[in-house]
1. Are there any trypsin sites (Lys or Arg not before Pro) in the stretch 67-149 that are in a DSSP loop and have at most 13 other Cβ atoms within 10 Å? List them by number.
2. Using θ = phi - 60° and the Karplus form 6.51 cos²θ - 1.76 cosθ + 1.60, what ³J(HN,Hα) does each residue of the stretch 79-85 get, whole Hz, x for Gly and Pro?
3. Going by amide H atoms built from the backbone, whose H comes under 5 Å of the H on residue 51, apart from near neighbours?
4. Would you mind computing, in nm to one decimal, how far apart the modelled labels at residue 88 and residue 104 are, each placed 7 Å from Cα along Cα→Cβ?
5. Apply the Karplus curve 6.51 cos²θ - 1.76 cosθ + 1.60, θ = phi - 60°, to the phi angles in the stretch 101-106 and return the couplings in whole Hz, x for Gly and Pro.
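Where a number appears in this text, it was derived from the coordinates with a stated rule and is not lab data. Worth saying up front: this structure is predicted, and the values here are computed from it rather than measured. Here the Cβ positions follow ideal geometry from the backbone for every residue, glycine too, while neighbour counts run over all protein chains shown.
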Amino acid sequence: MNARWLRLLGTGALALTSLLAHAQYSWLDDKGARVYSDLPPPPGTPSGRILKAPHGPERAAAPAAPAPATPDWKKREADYRERTAQRDKEEREADAKRRKERDAQCTWARGAQKQLEASRRLQWKNEKGEQEMMSDETRVREQQRVQQILSNC
């Protein structure tokens, strides 16, 4: 019977200490989240947002301070959506530009491949504007370069 009373007394002591340790203040912060604390809310918290406070003479009445200006979450959300839409638009435009450039390069490479595979000799103008004939080594190098470009098309 002694052990039973000791256990009951220990349980009661734990229950009393847990009552003393619970949060004495509860309020809503600027984001609307509920906050529990054993410390009073920060100065400037409107009294309408304080949900729970101790009810004894030890509680000092805090002077009412104006509520801090909180940013409008709807405006922030609209700004975020606008920035996201702008970024998506820029990415689509950049992708379209890259595709257009790649398509132009592929078209050029297909035409160059047809010319390089032809059995006739090729001529082009050099930096001085003079006509030159393409050597067989240059033709092979150009064919390899064109094949590399076409492998990405």
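1. Of the trypsin sites (Lys or Arg not before Pro), the ones in loops of the stretch 67-149 whose Cβ has at most 13 other Cβ atoms within 10 Å are 120, 121, 128.
2. Ordered by residue, 3J(HN,Hα) equals 4, 4, 4, 5, 5, 5, 5 Hz.
3. Under 5 Å from the amide H of residue 51 lie the amide H atoms of 26, 27, 28, each far enough along the sequence or on another chain.
4. If labels sit at residue 88 and residue 104, their model points lie 2.9 nm apart.
5. Those phi angles translate into 5, 5, 4, 5, 5, 5 Hz.
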